[in-house]
Structure formats: structure tokens, C-alpha cells
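What follows is a single structure, written as C-alpha cells, with notes after it.
The values are calculated or read from the model by the stated rules, or taken from the named source; none is laboratory data. Not measured: the values here are computed from a predicted model. Cβ atoms come from the backbone with ideal geometry, glycine included; neighbour counts cover every protein chain shown.
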Amino acid sequence: MGLISKTVTYSPAYTIVLTYECFNRCSYCNFRTELGASPWLTLEDAETQLKSLQNTGVIEILVLSGEVHPESPQREFWFRRIYDICELALSSGFLPHTNVGPLSFTEMKQLKAVNVSMGLMVEQVTPRLLQSVHRFAPSKVPEVRLQQLAWAGELQIPFTTGLLLGIGETMVERQETLAAIAQIHQRWHHIQEVILQPYSPGQKESWANSPFSTEDLVEVVAFARQILPPEITLQIPPNLVQDSSYLIACLNAGARDLGGIGPRDEVNPDYPHPVDIDLAKILKEAGWNLAPRLPVYPQYDGWLPSHLQRAVKKVRKSLSLAQGAEKSDTSLPLE
């Protein structure tokens, strides 16, 4: 066998959660807690977490939070804390990527100053789910989610979105969701990645349905690759595709990224992330090379404010030097 030529990427990431409290009650959720059930993260605790990550290879700080109602008296404090955590991550040498639910246009514009990219899952655009799994989730109205994608494009924010698969939608509705994402991207050209996340039951949820079929996931990857523009990268979470043969099948069908890999998947806490070294070995045996990446793709660097461009340039240089040193230390060719 010749040298490995096929590459799949991942982001060496760590997740900081401001609060697990959320005014939505999605019946499949394994993330949220009741309002008032747990203290919100302080800046001091965030700083402690960030200090522990120095020299660990982490690049991305994924800032997550349960959603606070837009009219809540806590909204302003919540948003300010998110902003300050991102600013703290930047000053510590990391690159923030925020995903905290729908934001106002003004909030998105402000967060652009301290994030190299942002994200929000569309999940599914069918309104039928508002009568089932999203019955008590006001912010899961499809128009609200799609508005975020449009605003991100208007603000030139490199963006990640995605589908949650197996929550009651049909195959046709999945295609409609992908088509809606493609239509918005074709206007603004700002969507870096689309995540195809299979529903995976957990211990905290109330729904407890059957997991989404890995065979069906391969099929969704294939038709997503046909529907979405080629410059949008398809992402699948390796901890939710635990059979390596299906993981490879998804890559062969068109997936090219494995998302953020870190100590804990906060959204799916029952499914630990694989260790990147072990994952690299599995992929190598199938002819794939696993490579780290930044949370912003190179073609979007010019969209960032100048201070973020400088931060990204510094990290890209460090990553390039590290990869060069790794290659020079390899005594045997890849087979």
C-alpha cells in the first residue's frame, strides 16, 4: 500500500459550560438541568480550567451554555459572562467557538469580536417536531434557527450548523433541512461545516427512543454530500459511531471531519470521546490520516477582526511547526 493520501480532520478541543440550566425542555436532552439547580461558572473557575490546559495541545475552547430566555432579567448578565469567558480564552492562547443557542443580531455582532467561529444546530426544519420532542422548546422553532444562519452570513461569521437525526423526522424532511442550509450558504458562503449527529439515548432524557441507525447515517452522509455545496465540510461525531466499520463507511461516503475531540462530550455525556491516538490508528489502518485543525477554516481568516487574525496566525504557525516536527520524527514510512 502506498502513502496515505486521504485526510480527515478534528479539532483538539475543550468545552467550558457556563450553565446547564435551560428554558427549553427538549425530550431527548441529556444536557440541561432545572433552573436554579446548579451554580453558574465563575470567571475564576473558567480561568482555572484554562490554566490547566496549557501545553496540552488544546486549540479550541468550545463555549457551551443552556439557553436563557431572551426576555429573562438574567439575559444581560449571561451574555456578558459568555463574552468574558471568550475573552479570557483568547488571552490564554486558545481560540473560542461559541454555541449557546439563538442570539440577537446585536449579540452575534458583539461575540464576533471574541470568537473565531460560532455555531448553532438547526436540527430539523419541520414544524411537526414542535408537537413532539420540541413541544416545550420555544427556541426550536425552525424560523428562529434559520434566522441565526442568515445573520451569521450577514455578519461574516464563520459558522457551523447541523442536523440531529432520528428525532421523529422523515428522510424527505432531512433533505429539506439540508436544502434550507444550502440555500442560506449560497447567499453568504459562510458555513464551514454541517454536523450529522445521530440521536443516541442517554440516562437523563425523558424520551428514551431507539438510537439512530448507523446504516442510515451512512445514507444520510451520502445524500448530504450531494445536496450541500462542496466547500461545506461534513462532520460526524466518532463517539456516536462506535463501530469503526461504519465510521469508515461515513468517510467513504463524504464525511471529512470528526469535530471537537476532548475529555468530555457535554451534550452526549454517556458517550466518551475516543482518544485521538487510538482513533488515528483505526483510521490509518483504513487508509485515512487524522489531522488536527483550527476552529476556523483558512478561507475565512480574512473575515476575522485584525486581533483575531493575529491570534489565528500564531496558532496556525505553531500547529504547522508541530506537524513538521512529528513528520521528521517518523523513522518509517506510513504503509
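Out of (1) closer than 17 Å to G166 by Cβ; (2) touching a strand residue (DSSP E or B) at 6+ places or on another chain (Cβ under 9 Å), the odd one out for A182 is which?
If we test A182 against (1) closer than 17 Å to G166 by Cβ; (2) touching a strand residue (DSSP E or B) at 6+ places or on another chain (Cβ under 9 Å), just (1) comes out false.
Among the residues in region 33-45, are any in contact with a helix residue (DSSP H, G or I) (Cβ under 9 Å, 6 or more places away or on another chain), at pLDDT 95 or above and surrounded by fewer than 13 Cβ atoms within 10 Å (Cβ to Cβ)?
yes
Please go through (1) under 23 Å from R135 (Cα atoms); (2) touching a strand residue (DSSP E or B) at 6+ places or on another chain (Cβ under 7 Å) for G202 and return the number of the only condition it doesn't satisfy.
Unmet for G202, out of (1) under 23 Å from R135 (Cα atoms); (2) touching a strand residue (DSSP E or B) at 6+ places or on another chain (Cβ under 7 Å): (2).
Would you please list the contacts, defined by Cβ atoms under 8 Å and residues six or more apart or on different chains, that run from a residue in region 291-304 that is assigned to a helix (DSSP H, G or I) to a residue that is surrounded by fewer than 16 Cβ atoms within 10 Å (Cβ to Cβ)?
Every condition considered, the pairs that remain are Q299/E231; D301/Q309; D301/K313; G302/Q309; W303/Q156.
This table checks each residue for (1) hydroxyl-bearing (S, T, Y); (2) under 18 Å from V241 (Cα atoms); (3) over 19 Å from the mean Cα position of the chain (by Cα); (4) surrounded by 21 or more Cβ atoms within 10 Å (Cβ to Cβ).
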| position | (1), (2), (3), (4) |
| --- | --- |
| A179 | no, no, yes, no |
| Q192 | no, no, no, yes |
| Q197 | no, yes, no, yes |
| N209 | no, yes, yes, no |
| T214 | yes, yes, yes, no |
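Quick one: is E219 acidic (D, E), farther than 24 Å from Q156 by Cα, modelled with pLDDT of 95 or more and touching a Ser or Thr at 6+ places or on another chain (Cβ under 7 Å)?
No, not satisfied.
Within region 194-249, count every residue that is over 24 Å from C26 (Cβ atoms), part of a loop (DSSP other than H, G, I, E, B) and of a type in the set (A, V, I, L, M).
The qualifying residues number 2.
Kindly indicate whether any position in region 18-31 is under 29 Å from Y297 (Cα atoms), within 20 Å of the chain's Cα centre (by Cα) and among the aliphatic types (A, V, I, L, M).
yes
Only residues that are in contact (Cβ under 8 Å) with a residue 12 or more places away in the chain and not aliphatic (A, V, I, L, M): list them for region 220-230, please.
Selection gives F223, R225, P229.
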